[in-house]
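First comes the structure, then the notes that go with it.
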Amino acid sequence: MQITEIFKSIQGESSYTGLPCVFVRLTGCNLRCVWCDSEYTFTGGAKMSLDEVMVRVEELGGDLVEVTGGEPLLQREVYPLMTRLLDSGRKVMLETSGERPLAEVPPEVIKIVDVKCPDSGESDCFDLANLASMTPRDEVKFVIASRRDYEFARDFTRKHELRDKLGAVVFSPVHGQVDLETFASWIIRDGLDGVRFGYQLHKIIWGADAIGV
């Protein structure tokens, strides 16, 4: 499989924010979100076998692993990779755009699924059928760049009753584009109890442009 990087850091997003985590970042993405902060994953990387990936994960240690990209589900090898990671006794997370089918993802994997908002430039890509493949262990994330995005996320969350069905619903403002106090006030004023204000902790620690962290 084509791998951009494998590293250990602090989980910066989702309800697992703050926990040490090994990241396996696959190369390639079929979307081009306006605010993307990982364009370096679109091309390049290095060929690694499944065994080589597992050896590197073992070297880094820890029991929480996130498989991410790019869009990891573009590579068929990701499915046996997730199974191997689960069989090794690790808790496994998958960060995915929601555009690729989720039905083949092992049910034990915690799916962190983006729903793209209008200002992403990719708002028509989410496959609604994926909601049927999600369980209370899984999470939805909205990356929000504007009031318009916020209203889209709010209305989508209510329409599909996400707070009742999933483990977490995360509203994450684009770094540097939304005033955080204002953003918090929107959530509070709309009574979105159960919606988590997400922020990219790794960008606070290492800076907005750091990679491999």
List the residue pairs whose Cβ atoms are under 7 Å apart, where the first residue sits in the range 120-136 and is closer than 23 Å to residue 93 by Cα and touching a residue at least 24 places away in the same chain (Cβ under 8 Å), the second is polar (S, T, N, Q) and assigned to a loop (DSSP other than H, G, I, E, B), and the two are 6 or more positions apart or on different chains. 125/97
Sole miss for residue 116 among (1) within 17 Å of residue 170 (Cα to Cα); (2) surrounded by fewer than 21 Cβ atoms within 10 Å (Cβ to Cβ); (3) basic (Lys, Arg) is condition (2)
Whether any residue in the range 124-144 is over 14 Å from the mean Cα position of the chain (by Cα), among the small types (Gly, Ala, Ser) and over 27 Å from residue 75 (Cα atoms) is what I want to check. no
Considering only the range 142-156, state which residues are in contact (Cβ under 8 Å) with a residue 12 or more places away in the chain, among the charged types (D, E, K, R) and either within 17 Å of residue 194 (Cα to Cα) or in contact with a strand residue (DSSP E or B) (Cβ under 8 Å, 6 or more places away or on another chain) (or both). 149, 154
From 185, 123, 146, residue being over 20 Å from residue 15 (Cβ atoms), hydroxyl-bearing (Ser, Thr, Tyr) and either modelled with pLDDT under 95 or touching a Phe, Trp or Tyr at 6+ places or on another chain (Cβ under 8 Å) (or both): 123
Out of all the residues in the range 105-119, which are under 15 Å from residue 33 (Cβ atoms), outside any helix (DSSP H, G or I) and in contact (Cβ under 8 Å) with a residue 60 or more places away in the chain? 116
Hey, can you tell me all the residues within the range 39-68 that are of a type in the set (Phe, Trp, Tyr) and part of a loop (DSSP other than H, G, I, E, B)? 42
Name the single residue that is surrounded by the fewest Cβ atoms within 10 Å (Cβ to Cβ) among those in the range 145-202 being part of a strand (DSSP E or B) and among the aliphatic types (A, V, I, L, M). 195
Within the range 96-105, is there a residue that is out of contact with any strand residue (DSSP E or B) (no Cβ under 9 Å at 6 or more places or on another chain) and surrounded by 15 or more Cβ atoms within 10 Å (Cβ to Cβ)? yes
If only one of 50, 81, 26, 60 is under 29 Å from residue 197 (Cα atoms), in contact (Cβ under 8 Å) with a residue 12 or more places away in the chain and either touching a helix residue (DSSP H, G or I) at 6+ places or on another chain (Cβ under 9 Å) or not hydroxyl-bearing (Ser, Thr, Tyr) (or both), which one is it? 26
Of the residues in the range 4-29, those that are within 12 Å of the chain's Cα centre (by Cα) and either surrounded by fewer than 18 Cβ atoms within 10 Å (Cβ to Cβ) or not in a strand (DSSP E or B) (or both) number 7
Kindly check whether there is at least one residue in the range 21-28 that is modelled with pLDDT under 95 and of a type in the set (A, V, I, L, M, F, W, C). no
Does the range 49-57 contain any residue that is at pLDDT 95 or above, closer than 13 Å to residue 96 by Cα and surrounded by fewer than 22 Cβ atoms within 10 Å (Cβ to Cβ)? no
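The values are calculated or read from the model by the stated rules, or taken from the named source; none is laboratory data. Nothing here was measured: the structure is a model prediction, and the numbers come from that model. Glycine also receives a Cβ, built like all others from the backbone with ideal geometry; neighbour counts cover every protein chain displayed.
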